[in-house]
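Structure first, then comments.
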Amino acid sequence: MLRIPPGAEVVIETLSQHATDDCERMVKGDPGAESVFHRTADAKAVDRRGAGPMDASIFGRGAGEGFGVHILTGPIHVEGAEPGDVLEARILDIEPRPSANPDFLGRCFASNASTWWGYQYADLIDVSDRREVVTVFETVPGSDWALPLYSYRWAPQTDPYGVRHDVMDYPGVPVDHATIVKTFGVMRNVGVPLRPHFGFMAVAPRETGLVDSIPPGNFGGNLDNWRAGKGSTLYLPVSVPGALFSVGDGHLAQGDGEVGGTALECSLTGTFRFELHKKNAPKKPYLRGLGGPLLETPQAFVLHGFSYPDYLRDLGRDAQAEIYRRSSLDPALRSAFRAARNFLMDAWRLNEDEAAALMSVAVDFAVTQVADGNWGVHAVIRKEIVAR
């Protein structure tokens, strides 16, 4: 655990849980990545990473079924942070992690997986052809674009422990490229504009014990909002002493919705500055009454809503299984509506009728993601309409 005072700047390296989609390009020769992903029949460098609890009776899911899929760097303990405060995490810079393999020096790689948990999987045109497809992209430092390199269909993988994975049970299953067929020249004449950002940024929730990294909530987490890039600031309500900030799930790009199951997953390094806003005297008045993640970009304030904003509390002891069964966009939109209304009323002193009118004529609501168990909708409030 790293301990820092408010105002400190920290450089944080993160690794993508999808790096094993192509170990040659995203793991080989990189001591940091190899120290996390190294795995043989006798040992796994990080034994439980991506494997969940061994006892399936705990949450109804057992080993290899998705708990802890993200590789997170943290926690960071911010001195003086107490429940009721607000932690400010300002993203000063983001850089993709270049390949350390001599065959690919000077290039960066990322992976997109259209998976069984993606929105498309239950709506394939040919329902008899169930498939998961991985597409590897490349970019070079200084470029504003990622270009598709090749794709492959997921083929059953047997991991070093002898467990067969007929589908991508969880990100991080090592892919043996001798078992797949690569298709080059995919998406001809297509380029993806880069939007480097961190999909996961969180403080520790108030609940104790194992917490699934996939569903986001009022503590932040797997927000998967592409606006969380360089120059933006995330504000999170503190629930435990020290706040305990963690970050990961780097993305080179993502569209609103993340409908295929993943973004353009990439190992990233970020430079952050952390500030602390005390409960009764926030340095920024618009943080009054903040009850969930608030993202500030140079142009806008972005409020986040979820199917269940406080699912760990509201869904009881089986919350981490129930959230996957109960999520829908209706309550997520309601949650985002309430978050935006409260923000306009608490921070900008509008009354309820004024807030409702302004949201209808000037606030944009959009689907953040339908891939993370606790589905998300966000509200974008342009600064020019409130900071006049």
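Just so it is clear, none of the values below were taken in a lab; they were calculated from the coordinates. Nothing here was measured: the structure is a model prediction, and the numbers come from that model. No Cβ is skipped: glycine too gets one built from the backbone with ideal geometry, and neighbour counts run over all protein chains shown.
General remarks:
- Euclidean distance between Cα centres, the stretch 182-215 to the stretch 261-288, Å: 17 Å
- Every helix of 4 or more DSSP H residues in the chain counts as -39500 (n - 2.57), and over all residues that averages to -4000 deg cm²/dmol at 222 nm.
- GNM result for the chain, Cα springs below 10 Å: residue of Ser267, Ser99, Ser35 fluctuating most strongly: Ser35
- Mean Cβ count within 10 Å, highest first, over the residues of peptides 122-129, 360-367, 243-250: 243-250, 360-367, 122-129
- Extending 7 Å from the Cα toward the beta-carbon at both Thr40 and Glu79 defines two label points whose distance is 4.4 nm.
- Filtered trypsin sites (Lys or Arg not before Pro), the stretch 298-364: DSSP coil and at most 11 other beta carbons within 10 Å: Arg349
- Residue order, fewest to most beta carbons within 10 Å, for Phe337, Phe301: Phe337, Phe301
- Check: the chain dipole with +1 on Lys, Arg Cβ and -1 on Asp, Glu Cβ, in debye: 740 debye
- Summed residue charge, Cβ within 12 Å of Lys28's Cβ, Lys/Arg positive, Asp/Glu negative: -4
- The separation of the stretch 303-375 from the stretch 94-133, counted between C-alpha centres, amounts to 29 Å.
- Cross-link partners for Lys383 among the aspartates and glutamates, with Cα-Cα distance under 13 Å and sequence neighbours closer than 8 places in the same chain left out: Glu296, Asp364.
- Packing around the peptides 24-32, 204-212, 173-181, taken as the average count of other Cβ atoms within 10 Å per residue, puts them in this order, highest first: 24-32, 204-212, 173-181.
- 13 Å Cα-Cα reach of Lys283 towards aspartates and glutamates, excluding residues that sit fewer than 8 places from it in its own chain: Asp85, Glu88, Glu275
- With 10 Å bins beginning at zero, the pair-distance distribution over Cα atoms of the stretch 206-323 amounts to 11, 41, 37, 11, 0 %.
- When the Gaussian network model of the chain links Cα atoms closer than 10 Å, the mean-square fluctuations of Val69, Val190, Val238 top out at Val190.
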